[in-house]
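Quick notes on the structure that follows.
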Amino acid sequence: ARGVRTRLYNLGIPGATANIIADYEVPTAIFFRPNLVTLFTGGNDIVSGRSATTFEGDLTTILRRLRLFTAGPVVIGT
């Protein structure tokens, strides 16, 4: 009945690979101090021909930064 006040920030960059997300989107996300982060990544990495090992390293970087500098859960879709 009271409702919940929310804000949605769509930081998605069309065509972004995981390294671009790590370098550009994650710092902005951290700035907004989110209570929840949704992350959809991987498809553009495959299309771009990036290796699974490279993607894994970038994804690890993204998740570590979000875990260290945000308080909410991170929901991942790949």
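Only protein atoms count toward the accessible area here, which uses a 1.4 Å probe; on the chain, the carbon and sulfur part of that area reaches 56 percent.
Per residue, the chain exposes an accessible area of 77 Å² to a 1.4 Å probe, with every protein chain left in place.
In loop segments of the range 7-78 as defined by DSSP, the trypsin sites (Lys or Arg not before Pro) with at most 16 further C-beta atoms inside 10 Å of their C-beta are 7, 50. Annotation: the chain has a Kirkwood hydrodynamic radius of 13.2 angstrom, from the mean reciprocal C-alpha pair distance.
Checking every one of the chymotrypsin sites (Phe, Trp or Tyr not before Pro) in the range 1-69 against DSSP loop status and a limit of 12 other Cβ atoms within 10 Å picks out 9, 32.
The values are calculated or read from the model by the stated rules, or taken from the named source; none is laboratory data. No experiment lies behind these values; they were computed from the predicted model shown. Neighbour counts are summed over all protein chains in view; Cβ atoms, including those assigned to glycine, are modelled from backbone coordinates with ideal geometry. Protein only, heavy atoms only, side chains kept; ligands, DNA and RNA dropped before computing areas. Shrake-Rupley method; radii C 1.70, N 1.55, O 1.52, S 1.80 Å.
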